[in-house]
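> The structure that follows is given in the form of structure tokens.
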Amino acid sequence: MNMTLARPEAGDAQTAVVLLANGVRVVTIPLPHLQTASVGVYVRAGSAHEPRALNGISHFVEHMVFKGTAGRDVHRINLDAECLGAEVNAHTDKDHTAYYMRGRGEHAADFVHMLADIVQHATFPEAELAREREVLLQEAIEVADDPMDTAYQLFDHACWGLHPAAQAVIGPRGNIERLQRADLVRWVARHYCGGNVVVVAAGPIDPDHIAREVEVAFGALPQGQGEGVMPPVYAGGVRSRRLPGSSQTHLVLGFPIAGRSDDDPASELAAAVFGEGMSSPLLSELRERRGLVYHASCTADRYDLCGQFVIEASVAPDKLDECLRELMKLLARQARATEAMDLQRARNQLAVRLLRDRDRPAQRMEQAALDLFALGRVRPRDEQLARLDAVSAAGVSAVFQRLLAAGAALALAGHVGSGAAERARALVRPAA
């Protein structure tokens with residue numbers, strides 16, 4: 001075998017990483033207590049890697065690889081999985097595309113080869129391409145009709161301007177209509193290469209056996225790292241779009257944070273302090289005490305190139321100004337001080353989320369792949385918990401200070417009244 005075994009990291013000894021000669025990394029996570037095994041193939045290619053003329057192509061490829069390979073047509077691809085009782089799915093994000101299967105543990109090696117076939121040998125038949133194009137156009141219409149999806153797209157553009165990080169995963173309708181088979185073939189040849197691929201298996205598996213099967217299945221994948229993209233420069237500002245028929249105003253308010261490679265949990269902890277759970281300042285003040293919103297949440301979203309501290313809410317149009325005013329007051333309050341109780345609550349919430357995700361093979365596999373893409377290693381559980389515990393109240397408040405200093409990005413969609421955007425711009429402007 002022509003591969004290198006990386007030493008399992010302290011505190012996470014059951015996880016092993018193998019490097020194939022062509023750069024493909026293989027992660028095995030034996031979980032003998034489970035009855036099912038999962039295998040995923042993760043490719044470092046998403047909408048943030050796409051030039052504007054090709055925006056949406058990663059998502060198009062994700063759909064089309066299931067429509068036929070050199071040895072199997074679309075019916076056989078589906079039948080092979082269903083005969084094993086396996087679940088098959090895929091998704092595309094800004095910084096990666098993922099393909100995965102789940103079924104009986106003894107079929108894990110079969111999953112490796114089935115996924116290798118679609119990832120490496122897709123033929124993109126013209127007839128299937130025409131049919132899938134119509135499916136994607138319908139999906140694009142659904143996204144455009146959804147006020148919160150629209151708000152997020154506007155928010156991304158407010159943050160990152162014309163940088164590819166601002167692009168929607170599905171891409172514009174014009175690109176979906178225009179992309180051809182040759183475009184998809186070139187995209188795969190350019191990005192589906194050894195250094196851009198991580199294969200992960202979790203469940204009741206034999207790690208050595210899986211590593212050997214991955215080498216057989218993926219060993220011929222060409223070497224390469226794909227094409228790098230420069231990180232975006234944060235812009236900020238307010239964007240809005242009125243959508244007929246909407247009775248609420250949907251807002252997304254946020255700020256820039258470091259990308260995944262920063263490996264500092266302070267921003268995630270700040271988001272949990274601010275808006276995780278009904279006792280958090282966001283929900284306690286805006287929903288429970290003031291009745292301004294029914295739904296609100298706060299997250300720290302991190303990608304390879306960049307990150308976003310994101311607050312979303314849906315409000316009655318006549319409550320928008322008050323909602324924004326109170327949001328900015330809450331953020332300023334957190335920048336001054338973080339209560340010990342809020343910090344402890346947030347730490348425990350994130351710790352439980354981390355431990356819960358480790359009980360879920362799909363989440364654990366994806367986290368391992370994204371760790372390898374961003375950090376070159378898989379973070380042990382104990383290290384992640386220790387880093388959470390090391391963040392102080394002052395460290396959390398410092399996150400809020402940096403957010404406010406950067407200036408807000410705000411998107412409004414749905415029922416956006418006359419002058420709402422101009423008033424919102426004044427309300428979220430940093431205090432002098």
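Readers should treat all values here as calculations from the given coordinates under stated rules, not as data from a laboratory. Values in this document were obtained by computation on a predicted structure and should not be read as measured data. Using ideal geometry, Cβ is built from the backbone for each residue, glycine included, and neighbour counts are taken over all protein chains shown.
> At a temperature of 25 °C and a viscosity of 0.890 mPa s, determine how fast region 3-218 diffuses translationally according to Stokes-Einstein, using the Kirkwood radius over alpha-carbon pairs as Rh; express D in µm²/s, rounded to the nearest whole number.
Taking Rh from Cα pairs, D becomes 134 µm²/s.
> With r as the distance between the Cβ atoms of H121 and Q363 and R0 = 30 Å, compute the FRET efficiency 1/(1 + (r/R0)^6) and round to 0.05.
0.60
> A further question follows. So what is the relative contact order of region 157-300, in percent, for Cα pairs below 8 Å that sit 6 or more residues apart?
23
> Can you tell me the FRET efficiency between E288 and A351 if r is taken as the Cβ-Cβ distance and R0 is 30 Å, rounded to the nearest 0.05?
Computed FRET efficiency for E288 and A351: 0.75.
> Next question. Assuming 0.36 nm per residue, please report the length gained on full extension of the stretch R190 to S279 beyond their Cα-Cα distance.
27.2 nm
> When N is the residue count of region 132-276, what does its C-alpha Rg come to as a fraction of 2.2 N^0.38 Å?
In units of the globular-protein estimate, region 132-276 measures up at 1.39.
> Let me ask something additional. Would you kindly state how much longer the chain becomes between R336 and D149 on full extension, computed as 0.36 nm times their sequence separation minus their alpha carbon distance, in nm to one decimal?
64.1 nm
> For the peptides 280-291, 220-231, what is the packing order when you average, over each peptide's residues, the other Cβ atoms within 10 Å and list the highest mean first?
Per-residue Cβ counts within 10 Å, averaged per peptide and sorted highest first, yield 280-291, 220-231.
> Using mean projected area of the Cα convex hull in nm² as the read-out, say which of [x] 21.0; [y] 23.3; [z] 26.3 was calculated from these coordinates.
Derived directly from the coordinates: [x].
> Note the angle between two axes, namely the Cα long axis of helix 147-160 and the longest principal axis of the Cα atoms of the chain, as a number of degrees from 0 to 90, rounded to the nearest 10.
90
> Output the relative contact order of region 237-427, whole-number percent, from Cα pairs under 8 angstrom with separation of 6+ residues.
Once divided by the residue count of region 237-427, the mean separation gives 41 percent.
> OK, next. Between Q344 and H33, what is the spin-label point distance in nm, taking each point 7 Å from the Cα along the Cα→C-beta axis?
2.8
> Quickly rank 64-76, 259-271 as a protection proxy: mean count of other C-beta atoms within 10 Å, highest first.
Highest to lowest by the protection proxy: 259-271, 64-76.
> Compute the length gained on full extension between Q401 and V229: take 0.36 nm times their separation in residues and subtract their Cα-Cα distance, giving the result in nm to one decimal.
59.1 nm
> What does the helix-only formula give at 222 nm for the chain: each DSSP H stretch with n ≥ 4 adding -39500 (n - 2.57), the total divided by the residues, and the result rounded to the nearest 500 deg cm²/dmol?
When only DSSP H runs of four or more count, the value is -13500 deg cm²/dmol.
> Could you order peptides 102-113, 124-135 by the average number of other Cβ atoms within 10 Å of their residues, highest first?
Those peptides, ordered most packed to least, come out 102-113, 124-135.
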